[in-house]
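Below is one structure, written out as structure tokens; the observations come after it.
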Amino acid sequence: MRVKTDAKRRAIIEEAGKVFNAVGFERASMAEICTRVGGSRTTVYNYFPSKQELFIAVVIESVAAEYEAVHQPFEEQVEDVGEALRCYGERFIALIYSPKIVVTRHMMIAQAKHSKAVHELYEQGALRSQQLIAQFLEPLMAAGRLRPADPLIAASHLISLLETEFRHLLLLDSPEVLSNEVIREGTRRAVEVFMGGYGAAPVRGKDD
């Protein structure tokens, strides 16, 4: 029985990443990846049963640092809630509408019923993002800086609003690359709507 090792898994991911970056997902072949890794094809397939699952592993590895950077605004002391959400939103949209993530999201939709890796990517990506946003929103709600609500649902609303102006690019498989200005303005409008629904009501004086 062959023993799987983390070092071997990472070596496969590293070589596969070079191939995917050089020729893209469609043109990349498992045969080429196996040749670069060395050893038998059985070894590679023992770690990754399909090219799709290997590609997903490569994406997870390659965007790990960017993913953490996206959520950095939630780790800092917040003075302006809207500004923190805008900062998060701009980084979030720039990442999930980058070409490699768009390819991965298409693959997730196609392979959702057949691949455990898709569920792993969802849990490590989209679901974890929602949970991190909820953890950020919950104390703000408790402090009266946002309206009290279910923070997970509020997080889901925020994510949906942020994607509203850009989702057609995913659905239509558009090659359009979003400029910083387009991302900034779309994010600003999304956060305005979110704060309109979840922003704390102004305190009124006795004479109001």
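Counting only helices (runs of 4 or more DSSP H) that fall entirely inside the stretch 104-208 and contain at least 3 residues that are at pLDDT below 95 and aromatic (Phe, Trp, Tyr), no element qualifies. You will find that of Ala149, Ala134, Ala155, Ala142, the residue that is more than 19 Å from His71 (Cα to Cα) and surrounded by 14 or more Cβ atoms within 10 Å (Cβ to Cβ) is Ala149 and no other. Pairs are defined by a Cβ separation below 7 Å, a sequence spacing of at least 6 or placement on different chains, a first member in the stretch 1-24 that is assigned by TED's automatic domain parsing to the domain that holds Val37 and under 17 Å from Val63 (Cα atoms), and a second member that is of a type in the set (Gly, Ala, Ser) and modelled with pLDDT under 85; the pairs so defined are Ile13/Ala57; Gly17/Ser62. Checked against the criteria, Arg91 counts as under 30 Å from Ser160 (Cα atoms), in a helix (DSSP H, G or I) and not β-branched (Val, Ile, Thr). Among residues of the stretch 170-198 that are farther than 20 Å from Val103 by Cα, those with a Cβ under 7 angstrom from a residue that is at pLDDT 80 or above and small (Gly, Ala, Ser), sequence gap 6+ or separate chain, pair up as Thr187/Gly89; Ala190/Gly89; Val191/Gly82; Val191/Gly89; Met195/Gly82; Tyr198/Ala149; Tyr198/Ala154. Are there any helices (runs of 4 or more DSSP H) wholly within the stretch 1-82 with 1 or more residues that are surrounded by fewer than 16 Cβ atoms within 10 Å (Cβ to Cβ) and touching a Cys at 6+ places or on another chain (Cβ under 7 Å), and if so which? Once the helices (runs of 4 or more DSSP H) in the stretch 1-82 are filtered for at least 1 residues that are surrounded by fewer than 16 Cβ atoms within 10 Å (Cβ to Cβ) and touching a Cys at 6+ places or on another chain (Cβ under 7 Å), what remains is 41-47.
Quick check on the stretch 52-67. Is at least one of its residues touching an Asp or Glu at 6+ places or on another chain (Cβ under 7 Å) and under 24 Å from Tyr122 (Cα atoms)? For the stretch 52-67, residues touching an Asp or Glu at 6+ places or on another chain (Cβ under 7 Å) and under 24 Å from Tyr122 (Cα atoms): absent.
The values are calculated or read from the model by the stated rules, or taken from the named source; none is laboratory data. In this text, all values refer to a predicted model and were calculated from it rather than measured experimentally. A quick note on method: Cβ atoms are made from the backbone with ideal geometry, for glycine too, and the neighbour counts reach across all protein chains shown.
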